[in-house]
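Trainee: Sending over a structure as structure tokens; questions will come in a sec.
The values are calculated or read from the model by the stated rules, or taken from the named source; none is laboratory data. Remember, it's a predicted structure, so these values are computed and weren't measured experimentally. Neighbour counts run over all protein chains shown; Cβ positions are idealised from the backbone, glycine included.
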């Protein structure tokens, strides 16, 4: 098995131990790594698995065309490989991926015509945007100026936004509460960045508390 792509691979005994059918194929369920939404079902053979692990782009075997095909090779809506696991019997695969656009050929997010959306995923995206802005050093960006001012300044802004959110929660409109909460969440993410932390540090604590 190729180790040129740093995805998580749990094929305990390797590709040869998988229970391929008589046509050398195995079903592969694709799931969005962020939202956990099931995106599609297709088939893989040994070559498709190897290409997926090597290139980092999910690749299948087309039963109708009898050929290898990389998802999104014509549309651009690729699936970026993140993780691969075999089930307990070794006769089906779970592929976790990051979709680069709609997955279904109809233009739908999934092949079951479901909306693939997770509000929490946008917070992770916003966290990445904040990191990108910081790396740019562009002081025309409010985010950059805030980070350059230091953690104390950012903490002050979090306090201000927290008070404003509380006031809107107590007596404001739902629209204003949503706006102030958005401002608060943004500044909290900037504060975490200023302290060298991330959203994962927070969710780890929440997960631990929930488990307890």
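Trainee: Being free of Cβ contacts under 8 Å to residues at least 40 places away in the same chain and either on the phi > 0 side of the Ramachandran plot or part of a loop (DSSP other than H, G, I, E, B) (or both) is the filter; apply it to region 78-97 and report the residue that is nearest to the chain's Cα centre (by Cα).
Mentor: The initial filter retains those residues of region 78-97 that are free of Cβ contacts under 8 Å to residues at least 40 places away in the same chain, namely 78, 80, 87-88.
Remaining after also requiring either on the phi > 0 side of the Ramachandran plot or part of a loop (DSSP other than H, G, I, E, B) (or both): 78, 87-88.
Details: 78: 14, 87: 22, 88: 25 Å.
Filtering first and then ranking leaves 78.
Trainee: Something else about it: Kindly list, by first and then second residue, each pair from a residue in region 131-148 that is in the same structural domain as residue 192 (by TED's automatic domain parsing) to a residue that is surrounded by 11 or more Cβ atoms within 10 Å (Cβ to Cβ) and in a loop (DSSP other than H, G, I, E, B), limited to pairs with Cβ atoms under 6 Å and residues at least 6 apart or on different chains.
Mentor: If the second residue must be surrounded by 11 or more Cβ atoms within 10 Å (Cβ to Cβ) and in a loop (DSSP other than H, G, I, E, B), the pairs left are 133/141; 144/138.
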